[in-house]
Every structure is written in C-alpha cells, then in structure tokens.
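The values are calculated or read from the model by the stated rules, or taken from the named source; none is laboratory data. Note that the structure is a prediction, hence the values are computed from the model and not measured. Cβ sites come from the backbone with ideal geometry, for glycine too, and all protein chains shown count toward neighbours.
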Amino acid sequence: MYPFLLHGMRPLGGAATAPHNLKSFLGSFVNLAFAVAAQLAGAVATPEFLPYMDYFIRKEYGDDYYLHPDEVVDNSIHQRTIDKVITDGFEQVVYCLNEPAGKLVPLSKVILIANLLNCWEATCGYQQRSFF
C-alpha cells in the first residue's frame, strides 16, 4: 500500500493521484482493492489499512482526535462528530468492498486488533464496535 500512498492509482493504470485527506484515502482504497483483486487470484491482505486510516484521521482532526469523539467537525446540516465521520467512512469502505461489481467481489474481513497497531490508544474505542 505504500506506493499507493505516494503515487495513487496511476501505477495500476488509474487516474487518481495520491490521497491527501480522509475521504480521498477511503475512496481510493476501495478502488485499489478492486484493482488488485482484478489482477490477482486469491486473497489479498492489507493489514496496514487501519494505521493509514489513523494517519489521515490525525492529519484532519489532530493527534488527540480519540480524546474528543463528540466534537462536531461537519458544519453541514447533519452536524457530524469525529466519531460519526470515522464510523461512516469505515462503514462505507466495508460496504463498497462487499458490493459485487460484475463477477468481482473482493470480500472484506476487517479485524480490529488494537495491540497489533501503532495507534493503540486511538483504536481502543473502536475495537469492540460492531460496524456490520
């Protein structure tokens, strides 16, 4: 995934540049998963997804985002909190990866194991949550 963070989808024939914020990372990650699944037969693992997602969350909401999950960060009519933005983004990735695209379904199974991540404190609040 590291080359994807530097160059986006261009090395795989896509048009997207490297992601610069949380929304572009999540959307591009779904595109990456489909592109890799289309080129390979068998399981594809991306264990670095959660630490990279954490990087983009910290980039937008600060290193201590998990300490104030109820802070409103979306000034639209919906008034979404940091917690809601993270939950919505994660649910969207899982939903998209499980949605069939022709004969291709890169099924996702995301296991949140906080002690294996560098972002231990940040993931503790999300590790037991049901997103499905």
Criterion violated by LEU112 - all others in (1) more than 27 Å from ALA15 (Cβ to Cβ); (2) modelled with pLDDT of 70 or more satisfied:
(2)
Kindly provide the set of residues from region 18-41 that are among the small types (Gly, Ala, Ser) and assigned to a helix (DSSP H, G or I), ordered by number.
SER24, GLY27, SER28, ALA33, ALA35, ALA37, ALA38
Of VAL44, VAL72, the only residue that is of a type outside the set (Lys, Arg), at pLDDT 80 or above and loosely packed, with under 13 Cβ neighbours inside 10 Å is VAL72
